[in-house]
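*Asks:* Input: one structure, supplied below.
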Amino acid sequence: MNEPTTGPITGPATGPTTEPVTDGRRAKGERRRRALIEATVRVIARDGAAGVTHRTVAREAELPTTATTYYFSSIDALLTAALTQCMEEDSARIEALVAAPGGDKRRALAELMAEILSPPGHLLAEFELCLLAVRRPEQRAATRRWQEALAAFARQFTDEPLRVKLFAQSYDGLLLQGLLADKPPTADEFEELLRELLPDPGGAA
């Protein structure tokens with residue numbers, strides 16, 4: 001299936017060229033693809049993964065259904081792209097905390113966790129996507145950068161492999177419990193838990 005093409009344009013001095021058209025089409029394609037992925041996450045947040053179809057995603061993105069099938073040949077491809085984008089965005093936020101000079105990084109992470117839960121829709125969609133990856137091994141690669149980012153954060157406080165692993169596996173659990181709670185944890189509550197998981201090297205959190 002092909003999108004409509006645009007013919008060559010003629011510059012005032014250089015004659016026919018396809019580069020500007022090609023670049024413009026590529027940028028438009030990237031915008032559409034991203035809009036469809038973001039729409040997929042919103043549909044999952046609202047209706048669950050079972051609500052994802054080419055038609056519902058296209059409607060959410062305010063694009064024709066043909067655009068969805070053009071960029072994503074199957075629902076699995078769409079779900080994989082959504083999971084990949086979520087994991088990349090989440091990883092980038094953690095990596096930014098790791099790279100930031102100075103400051104109380106456990107406090108910064110606690111504030112980020114509280115922010116993620118308010119509102120919780122996007123996080124809920126991410127957990128649904130991760131659960132789908134349990135049954136679809138080809139989707140699990142998207143989570144590797146995320147696990148590496150969490151491990152890098154933990155290694156700022158400890159070089160013990162077991163504690164690094166404990167933190168990386170506990171982080172998602174804390175957020176999941178936050179989703180299940182009647183009242184989401186505050187940044188202060190998250191900070192207290194993070195200091196238990198990652199105490200200062202000298203022993204005082």
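*Asks:* Looking at the range 56-70, can you tell me whether even one residue there is surrounded by fewer than 16 Cβ atoms within 10 Å (Cβ to Cβ), in the same structural domain as Asp172 (by TED's automatic domain parsing), charged (D, E, K, R) and more than 27 Å from Glu196 (Cα to Cα)?
*Replies:* Within the range 56-70, none of the residues are surrounded by fewer than 16 Cβ atoms within 10 Å (Cβ to Cβ), in the same structural domain as Asp172 (by TED's automatic domain parsing), charged (D, E, K, R) and more than 27 Å from Glu196 (Cα to Cα).
*Asks:* Would you pick out the residues in the range 128-155 that are surrounded by fewer than 17 Cβ atoms within 10 Å (Cβ to Cβ) and either in contact with a His (Cβ under 8 Å, 6 or more places away or on another chain) or of a type in the set (Val, Ile, Thr) (or both)?
*Replies:* Scanning the range 128-155 gives a single hit, Val134.
*Asks:* Among the residues of the range 114-148, write down those that are farther than 18 Å from Ile37 by Cα, in contact with a helix residue (DSSP H, G or I) (Cβ under 7 Å, 6 or more places away or on another chain) and β-branched (Val, Ile, Thr).
*Replies:* Scanning the range 114-148 gives a single hit, Ile116.
*Asks:* For the range 170-178, indicate whether the set of residues that are surrounded by 16 or more Cβ atoms within 10 Å (Cβ to Cβ), closer than 21 Å to Val43 by Cα and of a type in the set (A, V, I, L, M, F, W, C) is non-empty.
*Replies:* Yes, the range 170-178 contains at least one residue that is surrounded by 16 or more Cβ atoms within 10 Å (Cβ to Cβ), closer than 21 Å to Val43 by Cα and of a type in the set (A, V, I, L, M, F, W, C).
*Asks:* Considering (1) part of a helix (DSSP H, G or I); (2) at pLDDT 90 or above; (3) not assigned by TED's automatic domain parsing to the domain that holds Arg145, say which one Glu111 fails and leave the rest.
*Replies:* Against the list (1) part of a helix (DSSP H, G or I); (2) at pLDDT 90 or above; (3) not assigned by TED's automatic domain parsing to the domain that holds Arg145, Glu111 comes up short only on (3).
*Asks:* While we're looking at this one, here's another question. So which residues in the range 44-53 are touching a residue at least 24 places away in the same chain (Cβ under 8 Å), in a helix (DSSP H, G or I) and farther than 14 Å from Cys86 by Cα?
*Replies:* Arg46, Ala49
*Asks:* Quick check on Arg31: is it part of a helix (DSSP H, G or I), in contact (Cβ under 8 Å) with a residue 12 or more places away in the chain and surrounded by fewer than 17 Cβ atoms within 10 Å (Cβ to Cβ)?
*Replies:* Numbers: part of a helix (DSSP H, G or I): yes; in contact (Cβ under 8 Å) with a residue 12 or more places away in the chain: no; surrounded by fewer than 17 Cβ atoms within 10 Å (Cβ to Cβ): yes.
In short, no.
*Asks:* Pairs under 8 Å by beta carbon, first residue touching a residue at least 60 places away in the same chain (Cβ under 8 Å) in the range 146-166, partner among the aromatic types (Phe, Trp, Tyr) and assigned to a helix (DSSP H, G or I), six or more apart or different chains?
*Replies:* none
The values are calculated or read from the model by the stated rules, or taken from the named source; none is laboratory data. Just so you know, these numbers come straight off a predicted model, no measurement behind them. Here Cβ is always computed from backbone atoms with ideal geometry, including for glycine, and neighbour counts include all displayed protein chains.
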